[in-house]
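Asks: Following this message is one structure expressed as structure tokens.
The values are calculated or read from the model by the stated rules, or taken from the named source; none is laboratory data. These numbers were taken from a predicted model, which means no experiment stands behind them. Cβ coordinates were reconstructed from backbone atoms using ideal geometry, including for glycine residues, and neighbour counts include every protein chain displayed.
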Amino acid sequence: MRILLICEGLEGTDGWSRYSANLRQALLAKGHIVMMCTHKKNGEDYAILPPPLRMMTRPYLGWFLAMHLKRIVQKEHVDVVHFTVEPYALCMAFLPASIRKRSVVTIHGNYGIRPLRWWASKWLAQAMLQHVHQCIAVSTFTRDAVAKEVFWNHNLHEAFLKKTHVVHNGIPLPPYTPRMTYSPVHQILFVGGVKISKGILEAIRGCAAYKKQFGSTFHFSIAGAIDEASTSATALRSLIAESELQEETSILGRVDDATLEQLYEKADILLMPSLTTQDTFEGFGLVYIEANAHGVPVIGPDRSGSTEAIANGKSGYTVDVKNPEAIADALHKILDKHTISPDGCRQWAESFSVDHMTNATIDSYDKARCAS
């Protein structure tokens with residue numbers, strides 16, 4: 001099968017690019033021909049895309065992108081066009097029916113609903129849901145969140161649910177060595193963009209409550225891109241000082257893959273209490289599975305797609321992230337009482353293999369290809 005992936009890039013530094021990179025590698029391993037249309041240059045790929053969020057504020061870019069894709073599909077004899085980054089699928093309204101019929105879009109979370117609310121992109125988002133042949137939602141929570149946005153339009157609501165399949169994210173499983181003991185100084189790890197929506201302030205409040213209630217020795221490492229000029233960075237540093245956690249906290253910034261692997265190997269727990277608001281939520285939470293694959297228990301929110309990525313009581317705990325005491329209690333259970341088995345975490349991660357994700361995705365490709 002000749003597949004064209006429409007994505008931002010393959011750097012693996014965010015959820016979009018990790019998903020695209022994992023899927024591409026797995027498709028190639030299965031013998032498919034994979035071409036890329038990206039924003040960031042990757043080898044011989046077609047690097048013609050604008051930044052993805054610009055698609056929401058400049059609707060006319062959808063027309064230009066559609067014209068480029070039409071030429072690429074014809075030139076490369078593409079069987080399936082897969083938009084792995086939702087905003088790029090806003091060009092669907094401008095694509096000919098022959099390409100719409102072989103199109104697939106993956107909806108990861110926030111950007112499945114935000115284009116439906118923004119005046120400049122609303123009509124394009126509705127057209128995308130109407131015309132795309134197959135939708136993949138990374139969680140039931142994500143699928144239902146999008147369906148709720150179009151509930152007022154009965155035909156669109158029903159069409160969306162009929163064409164949408166839930167396919168949980170998968171990862172290439174790293175080598176695993178069973179853990180024998182916890183570190184004398186508990187190693188708590190945060191992995192993700194350092195911003196308010198990822199619950200970084202809730203993580204600090206939870207660590208402060210854990211220190212106050214249980215007095216255990218720990219170190220909290222924060223790994224992820226941080227904009228030092230942002231309000232998130234300012235609020236984070238202020239809260240660390242206010243909570244008197246300067247000695248216990250390290251802000252590492254963005255790290256490379258090798259360093260991230262080392263952090264996972266040393267970590268006793270992953271803490272990422274992402275926020276769930278009206279327009280922000282964790283679509284699935286690939287990072288929880290990545291941590292579990294290294295035998296690392298996790299703590300995440302009890303309202304979002306993360307409840308499908310975390311087996312509560314087996315791979316970690318889901319908690320009310322607005323309650324620091326609840327986070328502290330979960331930290332105590334895992335770090336001091338050892339209620340979560342590293343082997344159980346690995347076993348849970350093994351049920352989210354990239355091979356399973358890819359096979360389910362190919363099923364959607366087959367449906368689209370048969371219709372074209």
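Asks: Tell me the residue from ASP336, ASP366, ASP343 that is outside the structural domain of ALA208 (by TED's automatic domain parsing) and either over 21 Å from the mean Cα position of the chain (by Cα) or β-branched (Val, Ile, Thr) (or both), please. Outline the logic, then answer.
Replies: Values: ASP336 fails: outside the structural domain of ALA208 (by TED's automatic domain parsing); ASP343 fails: outside the structural domain of ALA208 (by TED's automatic domain parsing).
Answer to the selection: ASP366.
Asks: Applying the selection to region 325-372, what residues are surrounded by fewer than 17 Cβ atoms within 10 Å (Cβ to Cβ), free of Cβ contacts under 8 Å to residues at least 24 places away in the same chain and charged (D, E, K, R)?
Replies: Across region 325-372, the qualifying residues are LYS337, ASP366.
Asks: Now for a different question. In region 245-269, what residues are assigned to a loop (DSSP other than H, G, I, E, B) and in contact (Cβ under 8 Å) with a residue 12 or more places away in the chain?
Replies: Pass one, region 245-269, residues assigned to a loop (DSSP other than H, G, I, E, B): 245-248, 254-256, 267-268.
Within region 245-269, LEU245, GLU248, ARG254, VAL255, ALA267, ASP268 meet the criteria.
Condition check ((1) out of contact with any helix residue (DSSP H, G or I) (no Cβ under 9 Å at 6 or more places or on another chain); (2) assigned to a helix (DSSP H, G or I)) across all residues:
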| site | (1), (2) |
| --- | --- |
| HIS332 | no, yes |
| LYS337 | yes, no |
| GLN347 | no, yes |
| ILE362 | no, yes |
| ALA368 | yes, yes |
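Asks: Considering every residue within region 203-210, establish whether at least one is assigned to a helix (DSSP H, G or I), within 21 Å of the chain's Cα centre (by Cα), modelled with pLDDT of 95 or more and farther than 30 Å from HIS356 by Cα.
Replies: First pass over region 203-210, keeping only residues assigned to a helix (DSSP H, G or I): 203-210.
Now restrict to residues that are within 21 Å of the chain's Cα centre (by Cα): 203.
Imposing the further condition that a residue be modelled with pLDDT of 95 or more reduces the set to 203.
Those still in the list that are farther than 30 Å from HIS356 by Cα too: 203.
There is at least one residue in region 203-210 that is assigned to a helix (DSSP H, G or I), within 21 Å of the chain's Cα centre (by Cα), modelled with pLDDT of 95 or more and farther than 30 Å from HIS356 by Cα.
Asks: Here is a further query. Among the residues of region 265-293, write down those that are crowded, with 19+ Cβ neighbours inside 10 Å, farther than 21 Å from ASN323 by Cα and over 18 Å from the mean Cα position of the chain (by Cα).
Replies: ALA267, ASP268
Asks: If I filter region 270-284 for residues that are part of a helix (DSSP H, G or I) and either basic (Lys, Arg) or not assigned by TED's automatic domain parsing to the domain that holds GLY109 (or both), do I get at least one hit?
Replies: No, because not a single residue in region 270-284 is part of a helix (DSSP H, G or I) and either basic (Lys, Arg) or not assigned by TED's automatic domain parsing to the domain that holds GLY109 (or both).
Asks: Sticking with this one: Only one of VAL146, VAL166 is farther than 25 Å from GLY12 by Cβ, outside the structural domain of ILE289 (by TED's automatic domain parsing), within 17 Å of the chain's Cα centre (by Cα) and crowded, with 17+ Cβ neighbours inside 10 Å. Can you tell me which? Don't jump to the end; show me each part of the working.
Replies: Numbers: VAL166 fails: farther than 25 Å from GLY12 by Cβ.
Among VAL146, VAL166, only VAL146 is farther than 25 Å from GLY12 by Cβ, outside the structural domain of ILE289 (by TED's automatic domain parsing), within 17 Å of the chain's Cα centre (by Cα) and crowded, with 17+ Cβ neighbours inside 10 Å.
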